[in-house]
Structures are given as structure tokens and as C-alpha cells.
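Have a look at the structure below, then the notes.
The values are calculated or read from the model by the stated rules, or taken from the named source; none is laboratory data. Remember, predicted model here, so these are calculated numbers, not experimental data. We place every Cβ from the backbone using ideal geometry, glycine too, and count neighbours over all the protein chains shown.
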Amino acid sequence: MKSVAAPTFLIAIALAAGAPPLRAQTWSSFNYPGAINTQANGISGTSIVGDYYSSFSPTIEHGYLYNGSTFTSFDDPLAGTFNGQGTLATAIAANGNIVGYYIASSGVSHGFLKIGNSYQTLDYPGVIDDTYAYGISSTTGNIVGTYTDSSNKNHGFLYNGSTYITLNDPNASTATNQGTFAYGISNTNGDIVGYYIDPSNKIHGFLYNGSYTTLDFPGAKHTYAFGIEGNNIVGEYFDATDGSHAFIYNSGSWTSLDYPGFFEGTGARGIDGNNVVGDITPEFQSGFLLTVPEPPAIALAMLGWIGLAATCCKR
């Protein structure tokens, strides 16, 4: 049988978007007004949260909420006001609840849940060292994060409002200052992502959905998984020269992302629908919003259909 050409509209899609990746990308950067350093950590709908600081002496972090036009600054009332202390917002749920952590005047970090103008401190039970809240589910309100035990070993956790569950990737090192870090939780299915440090000090992303799956960007020196929505995972990887690049991972397929004009220094932190937030590092950090009109799963499916149409009838 003679071969049949791929349908014209499929070829047009591939050419118009420029494979890979097979989708258009819209980038924009932003900074908290007057800030020296701005990080974007979480997104829900049009609401973005993160942290910033406006001076070097002292360097005090503040949380912010950004709706695309207006910034609102906030600080946990228990946060310290000395150099290297303050408030860092890491994720936001659809109902407006925000999680993050504050660094107290003692130097110890504590997680927080912000509901309206009220703050609830989140400390892993029995922990006298640090607790960090990094992600929140819009569906269940479950919170994920990391705590440091008395031996300075790190563990992930899942908190459902009453009970803390410890998360330890079985491949993680149990040495001091190493371990497991849980960062993001999916609104769709409750899957959790983060990263762990292995005994050789290499950093690997992980996906947890009852069992652990290691996520390594191909050829990367280190891989961090920070955010998840459905099957789409975002994060950051470091290449052999320590340049950092953002990524989207979907069902075995990796897409590298670099802010236009930056060939290193891009990191993705959170995802909601087709929108990704993170930060870029020119001299100091700026936040970014990336909109991907065509989700990775659809683009990959298109690629499969193009290949199938081009080859299925060859004999």
C-alpha cells in the first residue's frame, strides 16, 4: 500500500508552534514595587504569591499577593525583623488561603496558614527546629511541607488539618542536612512532588502517589520538582555548568523552559491550569508568569497523531 501524507492541519499545527515544544508560550516578568528581589512561588487562578525584600541592610523578607495589577504585602505577626528573617509565601488555594513560613527572631522557621487576615502557625509535632509549609490543595485543603528534626535531618510531611504524616523517599540519604523535601500537592488527585538528596549529594525530584517515582531531567546535574497540577509537574534542573532551567514534565516527557533572553537562571515554582510561575535571575531575582495555551499532554498527543498519520499506512 502507498503511504498516506499526514493531514495538513496537523502539519500546520506542528510548524506553527515550532516543535519541540508544540505550543506557543507567553512570558511576562514582574517585581514588587521598589523591591530588590522578587520571587514568585505559587499560583491559583489569577492570584500569585511569593516573597520580596527591598533592602540589603537589613534583608527582611515579606510575603505578597499579586492579582496581575495590584500587589498586597503581608507579614506574619510572629516573624522576626532582623537580617535574614521575615515572611515567605509559597502557595495559594482557590479559596484564597495562603501557606508559607516565617523566620522568627530566634532564627527558627515555622510554617503558617493564612486565612483572611488571621495566621495559624504550623509546626510538626515535637519538632523544635524548622517547619516549612510549601503547598496547599484547593480541593482538600491538605498542606505539604518539610520539617527538620533534632539531628538536622529533613523529612517531608502531609497535613490534613488534624494529623501530620511523615514522607521519606526511600532513596533519600539519612545524613545530616539531607533527606526529603515535599513541595507541591495536586488539586486534581492529591499527588505530591518534591525532591530528595541521595548519599552522593545528588538532588532528584520525586512524585509520590502511594509510591515514590524518581524524576531526573535527562543529563541534569540536579533536579527539583516544585509544583504539580494533574499530570503536569514543574520545577528546575541544573546542567553540567550549574546553569538553571525550568521544566514541565508530563507522563515521561520533559520540556525545558528558559525565559526569553536567559540561557540559564530560570526556575519554575508553581502551576495552575496552563499558567506557570517562578523566577529568573539576571542580577537579582524577578518573578515570571508563563502561559502555555496548549497543555503539554495535548501537544504530546498531537505529536503522536502526526507520527501515526505519517507512518501507519507504510508497508
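A few comments on the model shown:
- Hey, G287 assigned to a strand (DSSP E or B) and in contact (Cβ under 8 Å) with a residue 60 or more places away in the chain or not: yes
- Within segment 138-167, the set of residues being assigned to a loop (DSSP other than H, G, I, E, B) and either within 18 Å of S109 (Cα to Cα) or outside the structural domain of G179 (by TED's automatic domain parsing) (or both) comprises D149, S150, S151, N152, K153.
- Residue selected from segment 22-49 under the condition part of a loop (DSSP other than H, G, I, E, B) and of a type in the set (G, A, S), by the criterion modelled with the lowest pLDDT: A24
- Residues of segment 174-186 satisfying the condition of being out of contact with any Leu (no Cβ under 6 Å at 6 or more places or on another chain), within 26 Å of N274 (Cα to Cα) and in a strand (DSSP E or B): F181, Y183, G184, I185
- Answer residue from segment 237-293, given it is more than 22 Å from G219 (Cα to Cα) and among the hydrophobic types (A, V, I, L, M, F, W, C) and is farthest from the chain's Cα centre (by Cα) among those: F284
- Within segment 187-203, being in a strand (DSSP E or B) and either within 18 Å of S253 (Cβ to Cβ) or among the basic types (K, R) (or both) holds for one residue alone: V193.
- For segment 218-231, the set of residues classified as surrounded by fewer than 23 Cβ atoms within 10 Å (Cβ to Cβ) and part of a strand (DSSP E or B) consists of H222 only.
- Qualifying residue in segment 203-211 (condition: polar (S, T, N, Q), at pLDDT 95 or above and either touching a Leu at 6+ places or on another chain (Cβ under 6 Å) or surrounded by 15 or more Cβ atoms within 10 Å (Cβ to Cβ) (or both)): no
- Among residues of segment 46-74, those that are surrounded by 15 or more Cβ atoms within 10 Å (Cβ to Cβ) and either among the basic types (K, R) or in contact (Cβ under 8 Å) with a residue 24 or more places away in the chain (or both), counted: 17
- When each of T241, T266 is tested for being crowded, with 24+ Cβ neighbours inside 10 Å and polar (S, T, N, Q), the lone residue that passes is T266.
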